[in-house]
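The values are calculated or read from the model by the stated rules, or taken from the named source; none is laboratory data. The model shown is predicted, which means the values in this text are computed figures rather than measured ones. Please note: Cβ atoms are built from the backbone with ideal geometry, for glycine as well, and neighbour counts cover all protein chains shown. Note: areas computed on protein heavy atoms with side chains; ligands, DNA, RNA excluded. Shrake-Rupley method; radii C 1.70, N 1.55, O 1.52, S 1.80 Å.
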Amino acid sequence: MRDRTHEVPPGASLAEKVEWLIRNLWPAHAGPPRNNVETAAAIARATGADISSTTVWKLRTGRQENPQLKTLTALATFFGVPIGFFGFPSEADPIGDDLTLKALGRDVERGIIRPEVLRALVDLSPEARWVVDEMILAAAAADRRRSDGMDRAHLADHEQGPDHGEPGEESA
């Protein structure tokens, strides 16, 4: 079960976008990553790019807001997204909307979201759909508050560097 909504927030930071991609569009063939070493290794294997666990850590924690083009190209290739996703909001926001739909489609394919639920949503009256929208947004906000508290605690464990607190991770 996801701890965030599928939507990429408008104007999201690079760190938020990278986290969203890892959470929502991680390629099935790569196997889920447990840490930054596995994340970097999967990206390097799939793209041939030289990307380190330290680079992944910096991207995920917002310590690298202006990475090299080759790093962004590797991320875009690995996750199957246009490189514009990492650009300015005017270009990235519409791409984020398309990726949100892609992530929802994957969840339907995987059985995480039942197709009949989406069909029922489409069949609701506008008034009933508004009620459902509000319930989903409230649940997502509560989930974000809960996971943000957990993320802050996790981040505090990692303040000393990319490998601190992650079992089995080696320095890059």
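What about A12, is it open to solvent by less than 20 Å² (accessible area, probe 1.4 Å), in contact (Cβ under 8 Å) with a residue 12 or more places away in the chain and within 23 Å of A139 (Cβ to Cβ)?
On the way: open to solvent by less than 20 Å² (accessible area, probe 1.4 Å): yes; in contact (Cβ under 8 Å) with a residue 12 or more places away in the chain: yes; within 23 Å of A139 (Cβ to Cβ): yes.
Yes.
Restricting to region 44-70, and then to whatever is assigned to a helix (DSSP H, G or I) and open to solvent by less than 20 Å² (accessible area, probe 1.4 Å), can you tell me which residue is farthest from L25 (Cα to Cα)?
Of region 44-70, the ones assigned to a helix (DSSP H, G or I) are 44-47, 53-61, 69-70.
Restricting the remaining residues to those that are open to solvent by less than 20 Å² (accessible area, probe 1.4 Å) gives 53, 56, 59.
Numbers: S53: 19, V56: 16, L59: 16 Å.
Among those that are assigned to a helix (DSSP H, G or I) and open to solvent by less than 20 Å² (accessible area, probe 1.4 Å), it is S53.
Give region 74-105 a look and list any residue that's under 17 Å from E16 (Cα atoms), surrounded by 15 or more Cβ atoms within 10 Å (Cβ to Cβ) and among the polar types (S, T, N, Q), or say none.
T100 - this is the single residue of region 74-105 that is under 17 Å from E16 (Cα atoms), surrounded by 15 or more Cβ atoms within 10 Å (Cβ to Cβ) and among the polar types (S, T, N, Q).
Which members of region 106-143 meet the condition of being more than 17 Å from the chain's Cα centre (by Cα) and either closer than 19 Å to E16 by Cβ or among the polar types (S, T, N, Q) (or both)?
S125, L137, A142
How many of the residues in region 57-100 are over 25 Å from V37 (Cα atoms), among the small types (G, A, S) and in contact (Cβ under 8 Å) with a residue 24 or more places away in the chain?
The qualifying residues number 2.
The conditions are (1) in contact (Cβ under 8 Å) with a residue 40 or more places away in the chain; (2) buried (at least 17 other Cβ atoms within 10 Å of the Cβ); (3) polar (S, T, N, Q), and T39 fails exactly one of them. Which is it?
For T39, the exception is condition (1).
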